[in-house]
1. Based on the alpha carbon coordinates of region 21-76, what radius of gyration and maximum Cα-Cα distance (Dmax) apply, in Å?
2. Answer with one residue from 5, 110, 97: the one whose Cα lies farthest towards the positive end of the charge dipole of the chain, charges on Cβ with Lys, Arg +1 and Asp, Glu -1.
3. With an 8 Å Cα cut-off and a minimum separation of 6 or more residues, compute the relative contact order for region 3-103 in percent.
4. Arrange the peptides 21-28, 40-47 so that the one whose residues have, on average, the most other Cβ atoms within 10 Å appears first.
5. For a protection proxy built on the mean count of beta-carbon atoms within 10 angstrom, sort 53-62, 101-110, 11-20 highest first, please.
6. Counting pairwise Cα distances across region 3-103, what percent come out greater than 21 angstrom?
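Just so you know, all these numbers are worked out from the coordinates, no wet-lab data involved. Keep in mind that what you see is a predicted model, and the values were worked out from it rather than measured. Quick reminder, even Gly has a Cβ in these numbers, built from the backbone with ideal geometry, and neighbours come from all protein chains shown.
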Amino acid sequence: MSEAIQEIYDVASGHLALGELDEAAALYHKCVELDPTHFDSWHALSMALMKTGYLKEALGASLQATSLQPNDLLAWTALSQIYVRLGDIPNAESAKSNSRILSLGGRVVHD
């Protein structure tokens, strides 16, 4: 990750810590514009969007995060939470199953 993206990400995380979710989401969005492969920014963006009620946008960001790092436990947990909020229980259960596999030391995608 470039220094510029790291700086923006750090400022966004500061906003998140202070509960300034809209500001954090805007900066995380800037991070993923600059580097579409930056997993941490996609994951943080999905959480900020979920907490502000932008559920469909949060879903897109969370799906991007799980595609970038399919063996990340927190990414699948977040995706499950978003699906629950959207009322999509079958997909929430599927994402939760992936979380469970990872929590037990398994892998969702084998290298």
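1. For region 21-76, the Cα-based Rg and Dmax read 10.0, 29 Å.
2. Sorting the options by dipole projection puts first 97.
3. Normalised by residue count, the contact order of region 3-103 is 18 percent.
4. Numbers: 21-28: 20.6, 40-47: 25.1.
Highest mean packing first, the order is 40-47, 21-28.
5. Details: 53-62: 18.7, 101-110: 11.4, 11-20: 14.8.
Per-residue Cβ counts within 10 Å, averaged per peptide and sorted highest first, yield 53-62, 11-20, 101-110.
6. Numbers: 1509 of 5050 pairs.
Cα-Cα pairs in region 3-103 separated by more than 21 Å: 30 percent.
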